[in-house]
Amino acid sequence: MSDIGGQSVVDGVSVAVMGASRGSSPAPWERRVRRPRHREAPWDFSPRKASATFAKKFLTAISGEFGAVIDAETVRMIESDVSLVVGLVDGSGAPIVSRACGLNVLDANAGTVRLLLDAEDAPALAELVHGAVIALTTGNVRTHEAKQFKGHVVSIEAATPADNARAAQYYDDFCRVVEESDGIERAAVERLIPTRFVACLIAFDEMFDQTPGPGAGAPIEGET
Amino acid sequence: MTPADDRDARHGLNAVRNCFHGVVPAVIATASADGTPNVTFLSRVCLVDNERVALSNQFFSKTARNLAENPRASVLLVDPVNYEQYRLTLVYERTERRGPVFERLREDVDAIASITGMQAVFKLRAADIYRTVQIERVTRGGSRPVPPPFAGPVGTGASFAGMAELSARLGRCGDLDALVSVTISGLAELFGFDHTLILLLDEEGKRLYTIASRGYGTEGVGSEVIVGEGIIGMAAARAAPMRVGNLRQMAKYSRQVRRSYEGTGEIGPGHEIPVPGLADANSRVAVPLMALGQLVGVLVVESRRSVAFDDDDEALLTAIGSVLGSAIEAERARERDEQASSAPPQTASAPSNEGVATTVRFFAVDGSTFLDGDYLIKGVAGRVLWSLLHRYETDGRVDFTNREVRLDPTLELPDFRDNLESRLTLLKRRLQERGASIQIEKTGRGRFRLVVTTALNLEGVDAPR
């Protein structure tokens, strides 16, 4: 990473990845509840407000009181060949975008999923800690229909052989639909596929319609 | 930092300019003041300069609210040539509602809207300008082979020799038919443009009709585009080149947005605007044919590949469009001058045709003409054919001049810019394409012959006789 135009650069992040020697430092996913860090924010970023909102969401989520109920049709959709992208926020309040590599819904009634992420994406991984607020958007490659889920990270784990198999299956399906729909060959899409993964357990408590159009961003009622 | 990271950073956004064609949808993440992220797909990110990008603001309600609180964004882009992926760290700078960046973005939005005919509701509200503070390469699969890059644009770019050769060929053309034929074949032979259409503007300036094409299953002569609709119609309406390299993505996005608007009741059910050309085209360049500052028609080049055409191709085609437009207009002017002093036509008797008759059915209301139940043509060209066949049947005439056709009051041709030669060329090509028993042959400048090889059964619906 580097900077351009003499502008400031987001702090570099050094993180351990799966299989790498970590020494005595804990891996990012072993850290506990994220505390927003107020490094530099000339705009209206409020760590106090962020902490309060986060704490409210986290406490309600872990109590199981307001977990999102993911209906069967949505489960089928998000476990299929959709494009998966995630948004995280670093300690200064800066957003970070990354791609996800497949998921399994663990408990549709509690809104919990096991999401696979790129183990080499250090900036994103650095913020992927217990309690971190996370957004996931799923996009239908054929139609651009999209849904956004917001919740918090419950835990981060090393990818298991089952996770690796799930990621492989996801990319098989994803590459096929991209080739059919957009004419982009698998060899090209493979350039975007990570070689190592981490598994992230997430509890979602909000759902939004993210399909492009005048209704984009509207909460999906009755499911939260 | 990898060498690639360093290269990209030092060269700024110009080093990743391929990412801005929109072939692979971009992704943007923002965050509210309380630290809640929001992530969504983008149809297009527009390159402003080496440090800045612009994002169109139509539906970004949450994104816009977040930026008001926390003016930072993170965007993922994919280069459609080598599939390198980049993450840009952006800081919001300003919003523009006029000016060149806004116009460029509006052109993109209008092009998407025009695919499904929703220009009335799907409009650019504002262009948000962001400064890039970091470019990070996040390509994975490092051990996987890099896919072979495109072989470059299908045309040979700024080929001055090719341009000179095509200009010389056009200079030897004696009529409109030859002009469009030579252009189409020259674009393929000299530059490698394999899928090409030439459309001319109608007399009322409201529609374009295809007069020649190459590289399609059927020639599609006579297919029409309304000025202002689709990429081709927009190039005509703006008298400016239009170039897209992600037609499939645009069409998918446009269809989905239209469905969303239909769901809210803002617009009624509609349909995708049918466009002559490749059904699965991914790249299209449409350049206006201009003469004396006036629109004559549109030249279209297509490819199934993404981002198949570059700036050089667009410039080359624009130059060819000007040469062709001027040549067409000069040919029309010359024809009008010559016909003012032309001699009356020699007449020949119609041969007696036997066997199965061809039924020609003509609808006066719009000039629609059918041969043995199959649609042939409509409008001015249909009325011209009906008039010729009527004279053939009643007087035995087979030889005609453009001048006498032009003076036929039943055709209702405008006094100025009647485009008769274009309509005759269109009719001739449609009859050829159909392999019809009626053909038109040029017999000299401003003269032609009707060749009929079967008996005719003329059926006019409210038609003049």
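The values are calculated or read from the model by the stated rules, or taken from the named source; none is laboratory data. Computed from a predicted model, the values in this text were never measured in an experiment. Cβ atoms come from the backbone with ideal geometry, glycine included; neighbour counts cover every protein chain shown.
Would you confirm whether any residue within the stretch B:280-296 is surrounded by fewer than 17 Cβ atoms within 10 Å (Cβ to Cβ) and basic (Lys, Arg)?
no
Basic (Lys, Arg) and either touching a Gly at 6+ places or on another chain (Cβ under 6 Å) or surrounded by 23 or more Cβ atoms within 10 Å (Cβ to Cβ) (or both): which single residue out of B:Arg304, B:Arg258, B:Arg238 fits that description?
Answer to the check: B:Arg258.
Please find, among B:Gly205, B:Gly217, B:Gly263, the residue that is in a loop (DSSP other than H, G, I, E, B), surrounded by fewer than 16 Cβ atoms within 10 Å (Cβ to Cβ) and free of Cβ contacts under 8 Å to residues at least 24 places away in the same chain.
Answer to the check: B:Gly217.
Out of B:Pro269, B:Pro241, I need the residue that is more than 14 Å from chain A (Cβ to nearest Cβ), modelled with pLDDT under 85 and more than 25 Å from B:Tyr375 (Cβ to Cβ). Which one?
Of the residues listed, the single one that is more than 14 Å from chain A (Cβ to nearest Cβ), modelled with pLDDT under 85 and more than 25 Å from B:Tyr375 (Cβ to Cβ) is B:Pro269.
Which of the residues that make up the stretch B:286-319 are modelled with pLDDT of 90 or more and β-branched (Val, Ile, Thr)?
B:Val287, B:Val296, B:Val298, B:Val300, B:Val301, B:Thr318
Hey, could you check the stretch A:181-203 for residues that are aliphatic (A, V, I, L, M) and part of a loop (DSSP other than H, G, I, E, B) and say which is nearest to the other protein chains (Cβ to nearest Cβ)?
Step by step, filter the stretch A:181-203, then rank; the result is A:Ile193.
Test A:Ala119 against the stated conditions and say whether it is touching a Phe, Trp or Tyr at 6+ places or on another chain (Cβ under 7 Å), within 11 Å of another protein chain (Cβ to nearest Cβ) and of a type in the set (Gly, Ala, Ser).
Against the criterion (touching a Phe, Trp or Tyr at 6+ places or on another chain (Cβ under 7 Å), within 11 Å of another protein chain (Cβ to nearest Cβ) and of a type in the set (Gly, Ala, Ser)), A:Ala119 qualifies.
I'd like to verify a number: residues in the stretch B:18-42 that are in contact with a Pro (Cβ under 8 Å, 6 or more places away or on another chain) and more than 7 Å from chain A (Cβ to nearest Cβ), how many?
The number of residues fulfilling the criteria is 6.
This table checks each residue for (1) in contact (Cβ under 8 Å) with a residue 12 or more places away in the chain; (2) surrounded by 17 or more Cβ atoms within 10 Å (Cβ to Cβ); (3) assigned to a helix (DSSP H, G or I); (4) within 12 Å of chain B (Cβ to nearest Cβ).
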| site | (1), (2), (3), (4) |
| --- | --- |
| A:Arg166 | yes, yes, yes, no |
| A:Asp173 | yes, no, yes, no |
| A:Asp205 | yes, yes, no, yes |
| A:Gly215 | no, no, no, yes |
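In the stretch B:110-129, what residues are surrounded by 18 or more Cβ atoms within 10 Å (Cβ to Cβ) and within 20 Å of B:Pro100 (Cα to Cα)?
We begin by selecting, within the stretch B:110-129, every residue surrounded by 18 or more Cβ atoms within 10 Å (Cβ to Cβ); these are B:110-118, B:122, B:124, B:126-129.
Passing the criteria: B:Asp110, B:Ala111, B:Ile112, B:Ala113, B:Phe122, B:Leu124, B:Ala126, B:Ala127, B:Asp128, B:Ile129.
So, in the stretch B:56-84, exactly how many residues are within 23 Å of A:Phe149 (Cα to Cα) and either more than 7 Å from every other protein chain (Cβ to nearest Cβ) or of a type outside the set (Asp, Glu) (or both)? Talk me through it step by step, then tell me what you get.
So in the stretch B:56-84, the residues within 23 Å of A:Phe149 (Cα to Cα) come out as B:57-77.
Checking which are either more than 7 Å from every other protein chain (Cβ to nearest Cβ) or of a type outside the set (Asp, Glu) (or both) leaves us with B:57-68, B:70-77.
Count: 20.
Do you know which of the residues in the stretch B:85-109 that are among the β-branched types (Val, Ile, Thr), surrounded by fewer than 23 Cβ atoms within 10 Å (Cβ to Cβ) and within 14 Å of chain A (Cβ to nearest Cβ) is farthest from B:Gly228 (Cα to Cα)?
Within the stretch B:85-109, the subset among the β-branched types (Val, Ile, Thr) is B:89, B:91, B:95, B:101, B:109.
Narrowing further to those that are surrounded by fewer than 23 Cβ atoms within 10 Å (Cβ to Cβ): B:91, B:95, B:101, B:109.
Now restrict to residues that are within 14 Å of chain A (Cβ to nearest Cβ): B:91, B:109.
On the way: B:Val91: 36, B:Val109: 13 Å.
My answer is B:Val91.
Can you say whether A:Ser92 is of a type in the set (Ser, Thr, Tyr) and more than 8 Å from every other protein chain (Cβ to nearest Cβ), as far as the supplied structure shows? It would help to see each step written out before you state the result.
Working: of a type in the set (Ser, Thr, Tyr): yes; more than 8 Å from every other protein chain (Cβ to nearest Cβ): yes.
So A:Ser92 passes the test.
Quick check on my filter: what residues within the stretch B:379-408 are part of a loop (DSSP other than H, G, I, E, B) and either at pLDDT 85 or above or of a type in the set (Val, Ile, Thr) (or both)?
Matches in the stretch B:379-408: B:Gly396, B:Arg397, B:Val398.
To keep it simple, each residue is scored yes or no on (1) under 23 Å from B:Gly22 (Cα atoms); (2) more than 19 Å from the chain's Cα centre (by Cα); (3) buried (at least 22 other Cβ atoms within 10 Å of the Cβ).
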site	(1), (2), (3)
A:Lys150	no, no, yes
A:Val177	yes, yes, no
A:Leu192	yes, no, yes
A:Val198	no, no, yes
A:Thr211	yes, no, yes
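Residue-by-condition table, conditions (1) crowded, with 22+ Cβ neighbours inside 10 Å; (2) at the interface with chain B (Cβ under 10 Å from one of its Cβ atoms); (3) in contact with a Ser or Thr (Cβ under 9 Å, 6 or more places away or on another chain); (4) free of Cβ contacts under 8 Å to residues at least 24 places away in the same chain:
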residue: A:Arg114; (1), (2), (3), (4): no, no, no, no
residue: A:His130; (1), (2), (3), (4): no, no, yes, no
residue: A:Leu136; (1), (2), (3), (4): yes, yes, no, no
residue: A:Glu145; (1), (2), (3), (4): no, yes, yes, no
